[in-house]
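Undergrad: Before I ask anything, let me first share the structure, which is written out below as structure tokens.
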Amino acid sequence: MKKPMVIVVSGLTASGKTTLVQAMHDTLSDSTVISYDDYSIDALPSAPPIDLPLSKTVDQYDLSNLMKDFLKAKNHYNYILMDFPFGYKHPTLRPYIDKVIYVKTPLDVCFARQIIRDYSDKTINDAVNWSKTYLNFARPIFLDYENFIAGEVDLTIDGLLPIDQKVTLATNFLN
């Protein structure tokens, strides 16, 4: 049985977590990826209301399906790379994590990336409505998230760097 290095990559929505995890996976031999987005955890009926502070609700997110896949992979790879927004903060996964990398990307860049990613095939009204929601509701939630998660990480990487530089920083840190 192998003892994998479990590396979590955290960051805001559209900060570049998935891109970094995939690029690291392409670089690190004998690795696998587990992505939070594949489990719709924040859409489960048991998920707490998004407008409550994450510091008070993080442990309410049900990771049972993600953990099943994680435990299946645990002894089969040298590296388990996880695109996981909660870093060390979720008590279910915390005991397994070796390193947390935080992708720190300015909010305006995350917002622009999200518009490009999620609204390029929608109407201008959809994008305007999301913009209003972002300004009136989501932005403070993102700021709260960043303050809570980014304070307890092992490495912070500038989300504006080119992907090859991010991968180099991350893999050098792991070695």
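The values are calculated or read from the model by the stated rules, or taken from the named source; none is laboratory data. Just so you know, these numbers come straight off a predicted model, no measurement behind them. Cβ: placed from backbone, ideal geometry, glycine included. Neighbour counts: every protein chain shown. The protein model used for the area step is the full one, side chains on, heavy atoms only, and it has no ligands, DNA or RNA in it. Shrake-Rupley method; radii C 1.70, N 1.55, O 1.52, S 1.80 Å.
Undergrad: Just the accessible area per residue of the chain, please: how many Å² with a 1.4 Å probe?
TA: 53 Å²
Undergrad: If you don't mind, another one. Treating the angle as unsigned and between 0 and 90°, give the value, to the nearest 10°, between the Cα long axis of helix 139-149 and the longest Cα principal axis of the chain.
TA: Between the helix axis and the principal axis of the chain, the angle is about 20 degrees.
Undergrad: Beta carbons within 10 angstrom, averaged per residue: use that to sort the peptides 4-14, 126-136, highest first.
TA: With the highest mean Cβ count within 10 Å placed first, the list reads 4-14, 126-136.
Undergrad: Turning to a different aspect of this structure: Report the net charge of residues surrounding Leu44, where surrounding means a beta-carbon distance below 15 angstrom and charges are Lys +1, Arg +1, Asp -1, Glu -1.
TA: -4
Undergrad: Using only Cα atoms and rounding to the nearest 10 degrees, what angle (0 to 90) does helix 163-174 make with the longest principal axis of the chain?
TA: For 163-174 against the chain, the angle is about 40 degrees.
Undergrad: May I ask for the net charge around Ile157, where only other residues with Cβ less than 10 Å from the Cβ of Ile157 are counted and Lys, Arg are +1 while Asp, Glu are -1?
TA: +1
Undergrad: Once you charge only the Cβ atoms, +1 for Lys and Arg and -1 for Asp and Glu, what is the size of the charge dipole of the range 37-175 about its Cα centre, to the nearest 20 debye?
TA: 120 debye
Undergrad: Of the peptides 53-60, 115-122, 141-148, how do they stack up when ordered by the mean number of other Cβ atoms within 10 Å, highest first?
TA: 141-148, 53-60, 115-122
Undergrad: How much net charge surrounds Lys2 when only other residues with a Cβ under 10 Å from its Cβ are counted (Lys, Arg +1; Asp, Glu -1)?
TA: Net charge around Lys2: +1.
Undergrad: Hey, could you pull the Cα Rg and Dmax for the chain, both in Å?
TA: 16.3, 53
Undergrad: To the nearest 10 degrees, how steeply does helix 17-27 sit against the main Cα axis of the chain, on a 0 to 90 scale?
TA: Approximately 30 degrees, to the nearest 10.
Undergrad: Would you mind telling me the share, in percent, of accessible area of the chain contributed by carbon and sulfur at probe 1.4 angstrom?
TA: Solvent-exposed carbon and sulfur of the chain make up 53 percent of the total.
Undergrad: On to the next question. Charges on Cβ only, +1 for Lys and Arg, -1 for Asp and Glu, centred on the Cα centroid of the chain; of Pro140, Ala112, Phe84, which one is farthest towards the dipole's positive end?
TA: Going by the charge dipole, the pick is Phe84.
Undergrad: Now a separate question. Which entries of Lys72/Lys99; Lys17/Lys122; Lys68/Lys122; Lys56/Lys132; Lys3/Lys89 have Cα-Cα distances beyond 28 Å here?
TA: Pairs exceeding the cut-off: Lys68/Lys122.
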